[in-house]
């Protein structure tokens, strides 16, 4: 069970919030890892993008089949934690995840793609304990496909990650941040996304890297990602293809 942040931590978060107007982002995670060996500054977690920018809830699905699918997915995010409270401007709830830290390059992931984030839409769990966000990804390249639930390049793919900020039709606002699973992808940017298959073509985000002209920027702020920052996009994708190929070979050898 994931412990909730203490009131003291939320108070610290509120203090950090005051800095949002002066800096582009607030670094949420504690700096407990070694110094950055690449000499490059890590990307700070952009709370304004993740939980301070509120998005209206999606309209109800007009078709019974899609509505039932959404209800089932909302229930999958139910937890035994206390229901979220409506938050005023500048406040949010959060939890510290105890999930194992994923490796820097989890090439055993079910699906690995290069894509551009086109849309972001938050949803609320059925019992109002979690906000999760879906992202629509325009796939540019499939580095590793999932045999039982394949995807196709240049077609939209829906992925999700816990966290986000949502305004319900009633006007109630829920903001929810998860520390320990990494930042949210941002609309309009390109990423390499490592995804876990959950049901049908439903994929959860495990690890992500933003592709830029200058560096590779991890969504997860862990020291073992630092060497990847110095790579070019070509070098990074070449390394990734080799690791995926080696993983497939190892799997075949074990059969």
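The values are calculated or read from the model by the stated rules, or taken from the named source; none is laboratory data. Note that this is a predicted model, so its numbers are computed, not measured. Neighbour counts run over all protein chains shown; Cβ positions are idealised from the backbone, glycine included.
Tabulated data for the structure shown
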item	result
Within region 43-71, tally of residues that are without any contact (Cβ under 8 Å) to a residue 24 or more places away in the chain, surrounded by 15 or more Cβ atoms within 10 Å (Cβ to Cβ) and farther than 30 Å from residue 215 by Cβ	1
Test: residue 166 is within 24 Å of residue 71 (Cβ to Cβ), buried (at least 21 other Cβ atoms within 10 Å of the Cβ) and under 14 Å from the mean Cα position of the chain (by Cα)	no
Counted residues, region 86-126 - those being modelled with pLDDT under 90 and either outside any loop (DSSP other than H, G, I, E, B) or surrounded by fewer than 17 Cβ atoms within 10 Å (Cβ to Cβ) (or both)	14
Hits in region 127-140 (condition: in a strand (DSSP E or B) and either touching a helix residue (DSSP H, G or I) at 6+ places or on another chain (Cβ under 8 Å) or touching a residue at least 40 places away in the same chain (Cβ under 8 Å) (or both))	131, 132, 133, 135, 137, 140
Residue match in region 237-253 (condition: closer than 22 Å to residue 118 by Cβ, touching a residue at least 40 places away in the same chain (Cβ under 8 Å), assigned to a helix (DSSP H, G or I) and under 22 Å from the mean Cα position of the chain (by Cα))	yes
Any hit, region 218-234, residues being closer than 17 Å to residue 137 by Cβ and not in a helix (DSSP H, G or I)	yes
